[in-house]
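Data first, discussion second: the structure below is written as structure tokens.
What follows is calculated from the coordinates using simple rules that are stated; it is not laboratory data. What you see is a predicted model, and the numbers here were worked out from it, not measured in a lab. Positions of Cβ are backbone-derived with ideal geometry, glycine not excepted, and every protein chain shown enters the neighbour counts.
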Amino acid sequence: MKKIAILGSTGSIGTQTLEVVEHNGDIQVEALSANGNVELLEKQARKFHPSVIAVFREAAAKDLKERLKDTDIRIVTGMDGLIEIATLPETDILVTAIVGMIGILPTIEAIKAGKDIALANKETLVTAGHIIMPLAEQKGVQILPVDSEHSAIFQALHGEDRGGIEKILITASGGPFRGKTREELAGVQVEDALKHPNWSMGQKITIDSATLVNKGLEVMEAKWLFGVDLDRIQVVVQPKSIIHSMVEFKDGAVIAQLGTPDMKLPIQYALYYPERRYLPGDRLDFWKLKEITFEKPDMDTFLGLPLAFRAARTGGSMPTVFNAANERAVSKFLNRKIRFLDIYEIISDAMEHHKVIPDPSIEEILAAEQATYERIESRW
């Protein structure tokens, strides 16, 4: 029986991972973790019986320990706790469904411990791809993408020589504001930005989809995952989210992965790769679908994408600054402290004032993140 640990089990990807586990019935969940959603963690603990749970916030950890005192489940806390569950000797795969740069250190330690990584944490490769990918190769560890776009590319490349890649085409829905002008975006509210047309996701990634920052992060991630230059990565708007991404090869052939918008498909594919299993849910009906349309992304209005390309081309510590500035800006927008378009201004300002470190260590990455947060807090 395959054994897994999940970083971020109470979030959107984490809960859907547990749905996949429950449906299949042949995976043992050895460990769970969350920031502090104690009520949901307790329910998950009683259903899946992990041996250990990491709760990042100490007060929440104490609460959970009291709630689960009738069990033999160990409760650990803080970064040490996350690293402990990431490196459990019993586990085969670590699912990194945690949001933010907090996932970097546990992922690195898991790779060192020989764990395969089902990767749903974009920040890991965006900020530390130059460390993660060589380490994974050295340790013989598989990085199995869980993002629908990267999973689609991964599936399209199955059995193919990666030297034959001409171009990677990452699809985007365009988000809830596709077709709007900057003037129309000036007054949008949090509720408007959280109405994604196709996907049900967590708040942060939904806002990132509205700004197209999410697509920029995916471009950076694809660069590391598939070893391609930025000039060979193209974003294509496909509003219905039926084509999840495509690969064009040197002979002109284009292989695409299609399906209904359901995150359980890439999650299950990562957990059982290379095996495909039955997954309940809707299927594509091409007679009803009739057509699939494509558009260029509006990079004059949605600045998240051009800013991301700029950060990626600069390289070094700049992607960390892009990511950290966006994280803090989105948090402020969700808390109604800034306007929607201020997200772009905050990211741009942070990038303009950062002195790039060409090949940053983990310590330098985390220091750049903190310096970015401090600049933002001093100005907004």
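Counting only DSSP H runs of at least 4 residues, each contributing -39500 (n - 2.57), and dividing by the residue count of the chain, the helix-based mean residue ellipticity at 222 nm comes to -14000 deg cm²/dmol.
Here the stretch 51-127 is treated with +1 on each Lys and Arg Cβ and -1 on each Asp and Glu Cβ, and its dipole about the Cα centre works out to around 160 debye. Measuring between alpha carbons in the structure, the pairs from 264/296; 112/264; 195/215; 204/337 lying more than 20 angstrom apart are 264/296; 112/264. With all pairs of separate Cα atoms included, the stretch 150-213 yields a Kirkwood hydrodynamic radius of 13.9 Å. Over the stretch 168-260, Cα pairs under 8 Å with separation of 6+ residues give a relative contact order of 40 percent.
A Cβ-based charge dipole, computed about the Cα centre of the chain with Lys and Arg at +1 and Asp and Glu at -1, lands at about 500 debye. What you get for the stretch 90-234, charging only the Cβ of Lys and Arg (+1) and of Asp and Glu (-1), is a dipole of about 200 debye around the Cα centre. Averaging the sequence gap over all C-alpha pairs within less than 8 Å and six or more residues apart, then dividing by the number of residues, gives the chain a relative contact order of 14 percent. Can you give the log10 of the normalised intensity I(q)/I(0) at q = 0.23, 0.29, 0.30 Å⁻¹, computed with Debye over equal Cα scatterers of the stretch 76-123? Cα-only, vacuum Debye calculation for the stretch 76-123: -0.74, -1.15, -1.22. Sorting 294-300, 32-38, 114-120 by their mean Cβ neighbour count within 10 Å, with the most densely packed peptide first, gives 114-120, 32-38, 294-300.
For the pair residue 191 and residue 229 in one chain, pulling the backbone fully straight at 0.36 nm per residue adds 10.0 nm over the alpha carbon distance. Here the stretch 241-278 and the stretch 43-97 have alpha carbon centers that stand 32 Å from each other. Once the Cα-Cα distance is subtracted from the 0.36 nm per residue extended length, the residue 22 to residue 162 segment shows a gain of 47.0 nm. Compare 65, 47, 332 in a GNM of the chain, Cα atoms joined below 10 Å, and give the one with the largest fluctuation. Result: 47 has the largest fluctuation of those listed. Listed by chain and number, the lysines placed with their C-alpha closer than 23 angstrom to that of residue 69 are 43, 47; residues fewer than eight positions away on the same chain are left out. Taking every Cα-Cα distance in the chain and sorting them into 10 Å bins starting at zero, the pair-distance distribution P(r) comes out as 5, 24, 34, 27, 10, 1, 0 percent.
Result for the chain in a Gaussian network model with C-alpha springs under 10 Å: among 212, 366, 279, the largest mean-square fluctuation is at 279.
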